[in-house]
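The values are calculated or read from the model by the stated rules, or taken from the named source; none is laboratory data. Only a predicted model underlies this, so the values are computations on that prediction, with no experimental measurement involved. Virtual Cβ from ideal backbone geometry, glycine too; neighbours counted across all protein chains shown.
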Amino acid sequence: MFKKPIQKYTGKIGEVEIGTGEKAVKLGGESVLPFYSFDGNTGNTPKIGMEISDVYPEGWTNTLKELYKDVSNDTVKWAQFVEKKYSPDFICLRLVSADPNGKDSSPEDCAEKVKAVVEAIKTPLLVAGTGNHEKDAKLFEKIAQAAEGHNVLLMSAVEDNYKTVAAAGVLAYNNKVVAESSVDINLAKQINILINQLGIGNENVVDNVGCSAGGYGYEYVISTLDRVKLAALTQNDKTLQIPIISPVSSETWKSKESVEPEEEAPEWGNQEDRGISMEVAAAAGVLASGSNAIILRHPKSVEVMRSFISELLG
């Protein structure tokens with residue numbers, strides 16, 4: 001009878017806890033490659049979060065807007081609706097209103113919104129910024145203060161603003177921070193080291209090494225995830241022994257395959273099905289390559305990915 005040899009790993013991914021109380025979740029903790037339960041401890045089950053916006057999601061597809069039409073004009077109601085109806089592991093609140101190229105809401109106004117949401121739900125909260133590094137530094141400083149005591153995850157700290165975001169988020173107000181890099185193992189190591197040098201341990205950091213919806217960029221994402229996990233587990237690289245989160249929703253729902261109307265491309269089939277397929281395909285790939293948490297938009301995608309994780313973990 002064939003007996004498969006067990007692969008030995010020298011490293012282990014650290015654990016990061018977000019949220020408080022009975023719904024708090026832990027990310028990471030594995031000492032083997034993704035879903036390799038035959039080799040050892042797979043750590044905490046990968047977590048699935050759902051994205052909401054602090055303003056009406058004008059840019060979302062009609063089918064998504066229809067799903068949330070009764071609550072999407074009120075951020076608190078939207079968060080409560082998602083928590084009650086879909087029970088995600090965490091909720092990602094994207095602060096679209098803060099974008100300097102849009103409404104440019106003040107950090108103070110956004111902090112009030114975050115405070116109202118985090119006090120209205122029991123599910124752990126992740127707060128995503130604008131992508132404008134200067135604005136995000138001011139934004140997260142106020143948000144971290146408003147969310148003190150709720151152990152929220154602030155997404156993201158980058159090389160241009162990590163001193164402000166990480167110091168305020170973790171050291172001053174005891175939240176957690178996402179370290180973001182651009183699909184490169186060396187850049188991932190670099191931002192982690194910089195944050196560690198502030199006196200912030202890996203137990204307070206989650207990595208976002210980048211995400212993509214498909215094609216050439218997606219191959220880069222998958223290979224980067226593979227390299228990061230292999231370095232962390234087989235080379236015991238402590239600078240990379242950090243859980244990874246992948247913002248799948250914001251990448252897949254802006255791809256042409258997801259947004260092209262059926263009347264423009266009838267041969268592509270149902271638009272909603274296409275969007276879900278793009279989201280599921282991207283999510284499955286990043287999970288199988290090492291993501292410990294994914295952010296999704298469509299409830300059907302959440303349902304499929306829950307089944308995917310369950311089946312692979314047996």
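In table form, for the structure just shown:
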read-out: Residue satisfying condition, being of a type in the set (A, V, I, L, M), in a loop (DSSP other than H, G, I, E, B) and in contact (Cβ under 8 Å) with a residue 12 or more places away in the chain, within set V183, V178; value: V183
read-out: First in the stretch 20-38 and modelled with pLDDT of 95 or more and in a helix (DSSP H, G or I), second anywhere and buried (at least 17 other Cβ atoms within 10 Å of the Cβ) and among the aliphatic types (A, V, I, L, M), Cβ under 9 Å, 6 or more apart; value: K23/I121
read-out: Answer from G275, G269 - the residue that is in contact (Cβ under 8 Å) with a residue 24 or more places away in the chain, closer than 28 Å to L64 by Cα and not aliphatic (A, V, I, L, M); value: G275
read-out: Unmet criterion (only one of (1) closer than 24 Å to V82 by Cβ; (2) in contact with a Ser or Thr (Cβ under 9 Å, 6 or more places away or on another chain)) for P100; value: (1)
read-out: Tally, over the stretch 122-134, of residues that are of a type outside the set (D, E) and surrounded by fewer than 21 Cβ atoms within 10 Å (Cβ to Cβ); value: 4
read-out: Matching residues in the stretch 246-280 - criterion: being within 16 Å of the chain's Cα centre (by Cα), surrounded by fewer than 22 Cβ atoms within 10 Å (Cβ to Cβ) and among the aliphatic types (A, V, I, L, M); value: V280
read-out: Verdict on T61 being farther than 27 Å from S97 by Cβ and crowded, with 18+ Cβ neighbours inside 10 Å; value: no
read-out: Meets criteria (surrounded by fewer than 18 Cβ atoms within 10 Å (Cβ to Cβ) and closer than 17 Å to L126 by Cα) for N208; value: no
read-out: Some residue of the stretch 68-83 being modelled with pLDDT of 95 or more and on the phi > 0 side of the Ramachandran plot; value: no
read-out: Within the stretch 196-225, tally of residues that are part of a helix (DSSP H, G or I) and closer than 29 Å to G19 by Cβ; value: 8
read-out: Inter-residue pairs, beta-carbon under 7 Å, first in contact (Cβ under 8 Å) with a residue 12 or more places away in the chain and in the stretch 104-117, second among the β-branched types (V, I, T) and surrounded by fewer than 21 Cβ atoms within 10 Å (Cβ to Cβ), 6+ apart; value: A116/V76; V117/V76
read-out: Residues of the stretch 130-151 classified as in contact with a helix residue (DSSP H, G or I) (Cβ under 6 Å, 6 or more places away or on another chain) and either at pLDDT below 95 or more than 14 Å from E108 (Cα to Cα) (or both), total; value: 2
read-out: Contacts under 8 angstrom Cβ, first residue in the stretch 234-261 being on the phi > 0 side of the Ramachandran plot, partner buried (at least 16 other Cβ atoms within 10 Å of the Cβ), 6 or more apart; value: N236/G11
read-out: First in the stretch 281-310 and in contact (Cβ under 8 Å) with a residue 60 or more places away in the chain, second anywhere and basic (K, R) and part of a helix (DSSP H, G or I), Cβ under 7 Å, 6 or more apart; value: G290/K229
read-out: Residue match in the stretch 252-260 (condition: in a helix (DSSP H, G or I), under 15 Å from M50 (Cβ atoms) and at pLDDT 95 or above); value: yes
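Conditions (1) among the polar types (S, T, N, Q); (2) more than 23 Å from I309 (Cβ to Cβ); (3) in contact with a helix residue (DSSP H, G or I) (Cβ under 7 Å, 6 or more places away or on another chain), marked per residue:
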| residue | (1), (2), (3) |
| --- | --- |
| E30 | no, no, no |
| P34 | no, no, yes |
| D39 | no, no, no |
| K47 | no, no, no |
| M50 | no, no, yes |
| V55 | no, yes, yes |
| E66 | no, yes, no |
| T123 | yes, no, yes |
